[in-house]
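The values are calculated or read from the model by the stated rules, or taken from the named source; none is laboratory data. Note that the structure is predicted; figures quoted are calculated from it, not measured. Areas reflect the complete protein model, heavy atoms only, side chains present, ligands, DNA and RNA absent. Shrake-Rupley method; radii C 1.70, N 1.55, O 1.52, S 1.80 Å.
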Amino acid sequence: MIYILNNVYPFGSNTLSNGDMGKAYTPIYYYMWDLFNGRANLFINFKVGMGTNMYDLTSIYGILSPFSWLVVFTERSNIPNFLSYLLVLKLCLISVTSFILFDKCYKKLDLFWKVLFSVIYAFSGWVIVYHTNFVWLDNVALFPLLILGMKRIIDNGDYKLYTIILFLSLCYSYYISYMEILFVIFSSFLLFESNICF
């Protein structure tokens, strides 16, 4: 509905490329499209200033995220419009992962409430405000699974899910991961003292 009301592609000619999405992430998606089509170098990009090392930007700009790799399925000229689809996919994933958390932690909660809270998490104020920092949304999607991993460690000592999700979070964006780690440190005291699930 938001896309329709604001004439955002594919329902109009407007794009979501504003702020950081337009100035930082869209050029990275152009670079990735060029990389996948053999037109760019994996380690250095001479189109940025006098050349820059691209390897150290993998986590900052989400190059390791599988969502970023979907750019190969569009035309280079369509990349700003393609980000509209990508945002919808990320919001859907955020809803799904939060639903998994609510379903595992609150088994007695009615399905309606689980779905409602999942959608509320996906459209929270933080997500709406920071949607232009496109790659941070991957970490928002992983965060409920990180909490579920914490619960599994406390409940039965199973650390696999927590380790995998924390590793992926660090790979996708260490900017957001340090805040997730702070949450883990401070909330672990509550989790160890009581058998609650956030």
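Protein heavy-atom accessible surface, 1.4 Å probe, per residue over the chain: 57 Å². Once the Cα-Cα distance is subtracted from the 0.36 nm per residue extended length, the Val115 to Leu5 segment shows a gain of 37.2 nm. Measuring nothing but protein heavy atoms, the accessible surface of the stretch 62-176 at 1.4 Å probe radius is 73 percent carbon and sulfur.
With a Cα cut-off of under 15 Å and a minimum spacing of 8 residues unless on different chains, the lysine pairs in the chain number 5.
Using C-alpha pairs under 8 Å with a sequence gap of at least 6, the mean separation divided by the residue count of the stretch 1-53 gives a relative contact order of 14 percent.
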